[in-house]
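The values are calculated or read from the model by the stated rules, or taken from the named source; none is laboratory data. Not measured: the values here are computed from a predicted model. Here the Cβ is made from the backbone with ideal geometry for all residues, glycine too, and neighbour counts use every protein chain on show.
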Amino acid sequence: MPPSVGVVLPTHNRPELLRRALESVLAQDYEGELRAVVVFDRAEPDESFAGDRVEVISNVREPGLAGARNSGILALDTDLVAFCDDDDQWLPGKVAAQVKALEGEPGAVLCSSGILIDFDGRELPRLAGTDRVTYDALIRDRMMSVHSSTYVARREPLVEIGMVDETIPGSQGEDWDLALRAARRHPVVNVDEPYVRVLWGLTSYYAQAWETKVAALEWFLEHYPEIGEVSGAAGRVYGQLAFGCATVGRRRDALRWSARALKANPAERRVPFALAVASGAVSGKRVLLALHTRGRGI
């Protein structure tokens, strides 16, 4: 009998997007049991989303994305747990393909898939180029396609490794951290086909989020010192810190992180962007808009 699958959809006051995401989950053609739990974070639960296969609950843990995900995990008793953000959509065949891949790797905690980035109606595929993503690979490269809305995990080992870390500032990068911890046990199984449409919108560009992003990146450097030991990884994260500091007007910190990024990796591509923003020649929002239009990010 196929394993049962429970899907966690965290949300905060985005009913139209949530309805679209939930419909894409429930439309999956899967022979086993598939049900969903919608977790309202810092918002009044909307019972209109409840149904035969859908439970509606409140986030009873730390406010924010990580706490909402964990509230959903604990509300489920399914064999497998999957995530779908309220602004993303699952594409046909996702669950069946990933369950099959997980069954082929009994020791794996987590399975991911490729994604389609949807920016202003333009779709750009992002794939990992492998069917197994190791811990070292995730340290070297954040891997855009190893995205939370692609995750299908074995519930019991997921709980054993601590679920989603609620101490990361703003839950920024919580999916990267979870993938790293899962990969310590066993490489992340990856179905390298785009099975999730990920919506990128202008709300992602606002500069006020960057103070939190900077704090989260510093959290990763503290908790994963291996990042600083790999030139490419160090250059990437230091460059992101430089850009974030520049975006929020912390020019001195931006210059300091830029210098560290260049020392780690003289070819680090984020440094020119950070310096341009720090100089006032261009805004961080404008740089991100140009990059996101091409399916890229900082």
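With the requirement that a residue be over 11 Å from V109 (Cβ atoms) and of a type in the set (D, E, K, R), what does the stretch 148-172 give you? Those that are over 11 Å from V109 (Cβ atoms) and of a type in the set (D, E, K, R): D165, E166.
Would you call A209 of a type outside the set (S, T, N, Q) and more than 19 Å from the chain's Cα centre (by Cα)? Don't jump to the end; show me each part of the working.
Working: of a type outside the set (S, T, N, Q): yes; more than 19 Å from the chain's Cα centre (by Cα): no.
Spelling it out, it is not the case that A209 is of a type outside the set (S, T, N, Q) and more than 19 Å from the chain's Cα centre (by Cα).
Within the stretch 253-272, does at least one residue satisfy the condition of being at pLDDT below 95 and surrounded by 15 or more Cβ atoms within 10 Å (Cβ to Cβ)?
To start, the set of residues in the stretch 253-272 that are at pLDDT below 95 comprises none.
For the stretch 253-272, residues at pLDDT below 95 and surrounded by 15 or more Cβ atoms within 10 Å (Cβ to Cβ): absent.
On the basis of being part of a loop (DSSP other than H, G, I, E, B), in contact (Cβ under 8 Å) with a residue 40 or more places away in the chain and out of contact with any strand residue (DSSP E or B) (no Cβ under 8 Å at 6 or more places or on another chain), does P2 make the cut? It is true that P2 is part of a loop (DSSP other than H, G, I, E, B), in contact (Cβ under 8 Å) with a residue 40 or more places away in the chain and out of contact with any strand residue (DSSP E or B) (no Cβ under 8 Å at 6 or more places or on another chain).
Take the stretch 276-290 and flag every residue that is of a type in the set (D, E, K, R) and in contact (Cβ under 8 Å) with a residue 24 or more places away in the chain.
Looking only at the stretch 276-290, we keep the residues that are of a type in the set (D, E, K, R), and these are 285-286.
Of everything in the stretch 276-290, just one residue is of a type in the set (D, E, K, R) and in contact (Cβ under 8 Å) with a residue 24 or more places away in the chain, namely K285.
Taking (1) in a loop (DSSP other than H, G, I, E, B); (2) within 19 Å of the chain's Cα centre (by Cα) in turn, L17 satisfies each apart from (1).
The set of residues in the stretch 17-57 that are touching a residue at least 40 places away in the same chain (Cβ under 8 Å) and not aliphatic (A, V, I, L, M) comprises R20, S24, Q28, D29, Y30, E31, G32, E33, R35.
In the stretch 178-202, the residues that are within 17 Å of G295 (Cα to Cα) form Cβ pairs under 6 Å with partners that are of a type in the set (F, W, Y), at six or more places apart or across chains, as follows: V196/W90; W200/F119.
Taken residue by residue, the stretch 115-132 has no member that is more than 26 Å from A209 (Cβ to Cβ), buried (at least 22 other Cβ atoms within 10 Å of the Cβ) and in contact (Cβ under 8 Å) with a residue 12 or more places away in the chain.
Residues in the stretch 7-36 that are touching a helix residue (DSSP H, G or I) at 6+ places or on another chain (Cβ under 6 Å) and over 15 Å from V152 (Cβ atoms): how many? Of the residues in that region, 2 qualify.
None of G244, G228 is buried (at least 22 other Cβ atoms within 10 Å of the Cβ), on the phi < 0 side of the Ramachandran plot and not assigned by TED's automatic domain parsing to the domain that holds A128 except G244. Taking the criterion of being at pLDDT 95 or above and polar (S, T, N, Q), the only residue of the stretch 273-297 that qualifies is S279.
Of all residues in the stretch 283-298, which are among the aliphatic types (A, V, I, L, M) and surrounded by 13 or more Cβ atoms within 10 Å (Cβ to Cβ)?
Initially, the stretch 283-298 is screened for residues among the aliphatic types (A, V, I, L, M), giving 287-291, 298.
Scanning the stretch 283-298 gives V287, L288, L289, L291, I298.
Considering S113, S149, the condition of being under 15 Å from the mean Cα position of the chain (by Cα), of a type in the set (S, T, Y), modelled with pLDDT of 95 or more and closer than 25 Å to P63 by Cα is satisfied by S149 alone.
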